[in-house]
């Protein structure tokens, strides 16, 4: 597939800039955690915001250069995955004034985009099955859903480690607030994961003639969906809160990671092109 060399170079620069900024952000948050320096926490937030904006530019440039939604292979989706976590992080930090959340989420963002950096960046034409408007809806829902689960994971780590954070403990909200953030982040992720699965089923029907084929990624997406559905059920009906809820959210996110990385690496199926 022919691409614009100038746009390819711009995308590469933007990607590396975002990668470096996320790394600096994670380092600043660790400084913030270890030294309790206010400037480090504030600087980390602004650096992450800058990284997010440059990251957004990279996605836009990639899309223009490819002439399609840039979320159809391992490199593109991993990059978008990191972008989704960063977006949800910025929203939740602003809403709940929880600056220390970056200590737990910023390294995750860097690890995900770091994984993207190890993938092939070549732009290929889409196979016929991917040439559908439903693909854009399906993948976009997954990105926001995974982003919400990523934030829930970070807050859950903060909850579990709250009493072991030393001087950082006073910067972590009380357990009731942490519990509320976990619930809302999971609810956000679950809503978008549900829409992801619905749009994916519609897309599959048009592409392969069947709404569901028990493809490995479909199966593990269902497993992930069930885990978070159980979490919400126990939360709303049985009053699941506290440490048990936090551990539940951590397990759920580990399933998210396996659904994306593990299935792509270890199993083959209709989604192998990712």
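Just name the residue that is surrounded by the fewest Cβ atoms within 10 Å (Cβ to Cβ) out of those in region 214-226 that are over 17 Å from the mean Cα position of the chain (by Cα), part of a helix (DSSP H, G or I) and at pLDDT below 95.
Among them, the one singled out is 223.
Out of (1) surrounded by fewer than 20 Cβ atoms within 10 Å (Cβ to Cβ); (2) under 18 Å from the mean Cα position of the chain (by Cα); (3) free of Cβ contacts under 8 Å to residues at least 40 places away in the same chain, what's the single condition that is false for residue 57?
(3)
Please go through region 131-140 and pick out each residue that is out of contact with any helix residue (DSSP H, G or I) (no Cβ under 6 Å at 6 or more places or on another chain), in a helix (DSSP H, G or I) and surrounded by fewer than 20 Cβ atoms within 10 Å (Cβ to Cβ).
Scanning region 131-140 gives 133, 136, 140.
In region 42-54, what count of residues is obtained for those that are more than 14 Å from residue 89 (Cα to Cα) and surrounded by 16 or more Cβ atoms within 10 Å (Cβ to Cβ)?
2
Yes/no matrix, rows are residues, columns are (1) crowded, with 22+ Cβ neighbours inside 10 Å; (2) touching a helix residue (DSSP H, G or I) at 6+ places or on another chain (Cβ under 8 Å); (3) in contact (Cβ under 8 Å) with a residue 60 or more places away in the chain; (4) part of a helix (DSSP H, G or I):
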{"site": "80", "(1), (2), (3), (4)": "yes, yes, yes, yes"}
{"site": "84", "(1), (2), (3), (4)": "yes, yes, yes, yes"}
{"site": "88", "(1), (2), (3), (4)": "yes, yes, yes, yes"}
{"site": "120", "(1), (2), (3), (4)": "no, yes, no, no"}
{"site": "148", "(1), (2), (3), (4)": "yes, yes, yes, yes"}
{"site": "177", "(1), (2), (3), (4)": "no, yes, yes, yes"}
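All but one of (1) under 25 Å from residue 33 (Cβ atoms); (2) free of Cβ contacts under 8 Å to residues at least 24 places away in the same chain hold for residue 234, so report the exception by its number.
Evaluating residue 234 over (1) under 25 Å from residue 33 (Cβ atoms); (2) free of Cβ contacts under 8 Å to residues at least 24 places away in the same chain leaves (1) as the failure.
Of all residues in region 200-213, which are closer than 30 Å to residue 95 by Cβ and either surrounded by fewer than 21 Cβ atoms within 10 Å (Cβ to Cβ) or in contact with a strand residue (DSSP E or B) (Cβ under 7 Å, 6 or more places away or on another chain) (or both)? Even if it seems obvious, please write down each step before you answer.
Going through region 200-213, the residues closer than 30 Å to residue 95 by Cβ turn out to be 200.
Once the filter is applied, which keeps residues that are closer than 30 Å to residue 95 by Cβ and either surrounded by fewer than 21 Cβ atoms within 10 Å (Cβ to Cβ) or in contact with a strand residue (DSSP E or B) (Cβ under 7 Å, 6 or more places away or on another chain) (or both), region 200-213 yields nothing.
Results for (1) at pLDDT 95 or above; (2) outside any helix (DSSP H, G or I); (3) more than 16 Å from the chain's Cα centre (by Cα), shown as yes or no for each residue.
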| residue | (1), (2), (3) |
| --- | --- |
| 104 | no, no, no |
| 142 | no, no, no |
| 151 | yes, no, no |
| 159 | no, no, yes |
| 170 | no, no, yes |
| 183 | yes, no, yes |
| 189 | yes, no, no |
| 194 | yes, no, no |
| 201 | no, no, yes |
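Taking the options 66, 100, name whichever one is out of contact with any helix residue (DSSP H, G or I) (no Cβ under 7 Å at 6 or more places or on another chain) and buried (at least 19 other Cβ atoms within 10 Å of the Cβ).
Within the list 66, 100, the selection yields 66.
How many residues are free of Cβ contacts under 8 Å to residues at least 40 places away in the same chain and over 19 Å from residue 56 (Cβ atoms) if we restrict to region 98-117?
1
How many residues does region 36-78 hold that are assigned to a loop (DSSP other than H, G, I, E, B) and within 16 Å of residue 138 (Cβ to Cβ)?
6
So is residue 236 part of a helix (DSSP H, G or I), modelled with pLDDT under 95 and surrounded by fewer than 14 Cβ atoms within 10 Å (Cβ to Cβ) or not?
Against the criterion (part of a helix (DSSP H, G or I), modelled with pLDDT under 95 and surrounded by fewer than 14 Cβ atoms within 10 Å (Cβ to Cβ)), residue 236 qualifies.
The values are calculated or read from the model by the stated rules, or taken from the named source; none is laboratory data. Quantities reported herein were computed from a predicted structural model and do not represent experimental measurements. So basically every Cβ, Gly included, is an ideal-geometry build from the backbone, and we count neighbours across all protein chains shown.
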